[in-house]
1. Report relative contact order for the chain in percent, whole number only (criteria: Cα-Cα under 8 Å, sequence separation at least 6).
2. Cβ neighbours within 10 Å, averaged per peptide: list 160-172, 409-421 in order, most packed at the top.
3. Take peptides 122-131, 266-275, 283-292 and line them up by average Cβ neighbours within 10 Å, highest first, as a rough protection proxy.
4. Give the average over all directions of the projected area of the C-alpha convex hull of the range 293-391, one decimal, in nm².
5. Report Rg/Rh for the range 184-235, rounded to two decimals, where Rg is the Cα radius of gyration and Rh the Kirkwood radius.
6. What is the range 151-302's relative contact order, in percent, from Cα pairs under 8 angstrom and six or more apart in sequence?
7. Run the accessible area of the range 263-390 with a 1.4 Å probe and give the carbon-and-sulfur part as a rounded percent.
8. Return the ratio Rg/(2.2 N^0.38 Å) for the range 148-255, where Rg is computed over Cα atoms only.
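The values are calculated or read from the model by the stated rules, or taken from the named source; none is laboratory data. Quick caveat: nothing in here was measured; it's all calculated off a predicted structure. Backbone-built Cβ (ideal geometry, glycine too); neighbour counts: all protein chains shown. What goes into the accessible areas is simple: the full protein's heavy atoms, side chains included, and nothing from ligands, DNA or RNA. Shrake-Rupley method; radii C 1.70, N 1.55, O 1.52, S 1.80 Å.
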Amino acid sequence: MKVTQRWLTWVRRLAFAAVLILAVATPGMAATWSSFQCAQSQCEKAGTVRWIRSLPGSWTVQNGMTGTTPVTGQAYGALGAQVAAIGSGLTVSAYRASTGQRLWTTQLTGFAPGSAITAVRAWPGVVTVGVSTPAPGGGPGTAGGPARREVVLRASTGSQVRAYPAAQFGGAVAASPGTTVIVGPHAVTSYANRTGAVRWSRPTGPVPQGWQVDGGQLYLAMAAGGYLGSAPVTALRRINLVTGAQRIVRPHGRSYAGTLGLAYQGVVVFSSAGWARAYSGSTGRELWHYSNALPEMIDAVAGRLYLISGNTLIGVDPQTGTTLARVNAAASSGLYGVREGAVLGIDHGGLGKAWAYGIAAQRVLWTSRPLPWPHYFVDLSGIGGSAPPGQDAVLLAVCGQVGSPPSGTAPPPCARPELAVVNR
């Protein structure tokens, strides 16, 4: 089975193991506070823990990148301008982004046993939650039904607005109190949240396809076998997320080289066999290529695409491919983003810290106070997760107190699971 580009990106990040050469790992006392909030005079300082609040549910702690995680399943988080939201199992909780005030906890209903949250994304006025449903044979989806449903919740109250069918690796790509745009199993559809009516819909074929969002545009691959097949991408659908206007963008050759990996500033980047190739998102013309590298992430403020080559992050101009920055690293599983010219990462274990390494300065810009057994959140779409591009903060799960270890080899429980927001 072919692995999707989103899974490849996640695997690469997990394999990019340890700390940048100058990253600081100063010993310190493990955090022992609950319901912590920084003093007003310090709340804007980079590296300051803005707030820490308790998390519902049963959690455990493990060394390494796993850190603080639910006893069963996984947790998914997102940070927006108004709320920080976290989901696990079928429970979603929201906190005020500025102060950490608990706003609501919602238990999702109407799902078959075995269903679980697999994505949380925060938008102005709403939170969208992807829920994967089990199939009779153990695979995703129910007989005749979608593999995933996207639930729209009001950000202020947690009340459910609508639930829409979605592709397993699709879901909400734009949302507001009025409308939600969903990548579904066979179409990209804009819904009116008040009535659930379809505003516009663009069919995408019988199998789910790979996709990337670039501002107000959605790029959707067109390949005979979808994202699980081996057929080449012969064209792209470029869909305006507001109007639904669609344009088919074909390459100058027979197909695009590889798998759709990133889209930024009207440029789409494909990867194949160690090559990154960039094409114009409007004409399909190849713009540049880079050998022995794969597309990794975007720094929207700095205006760069980042490629990964071995243990090196390479920042390039999206239009020309010109190399603008390089960061050499030993393997670091703590890396989870590049924002505003800084690599963001965490140190693991009971004395874990969050840190930022300045690419231009080639030094550590800040480190947080100890955050024991930190865990960062990743949404494979790049829309949600611990370090949203539009927010100057980082969302982490930590463990304020470890419980008594059980017998055998099971990891110890976390007696005080907490959610932390760190300024960046």
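1. Numbers: 1161 pairs, mean separation 82.3, N = 424.
It rounds to 19 percent for the chain.
2. Details: 160-172: 22.2, 409-421: 19.4.
Ranking the peptides 160-172, 409-421 by packing returns 160-172, 409-421.
3. Working: 122-131: 23.7, 266-275: 19.6, 283-292: 15.1.
With the highest mean Cβ count within 10 Å placed first, the list reads 122-131, 266-275, 283-292.
4. So the Cα hull casts an average projection of 6.4 nm².
5. Numbers: Rg = 12.6 Å, Rh = 12.1 Å.
Ratio of gyration radius to Kirkwood radius: 1.04.
6. Working: 330 pairs, mean separation 17.7, N = 152.
So the answer I get is 12 percent.
7. Values: 2060 of 4220 Å².
In the range 263-390, the share of accessible area belonging to carbon and sulfur is 49 percent.
8. Details: Rg = 14.5 Å, N = 108, 2.2 N^0.38 = 13.0 Å.
This ratio for the range 148-255 stands at 1.11.
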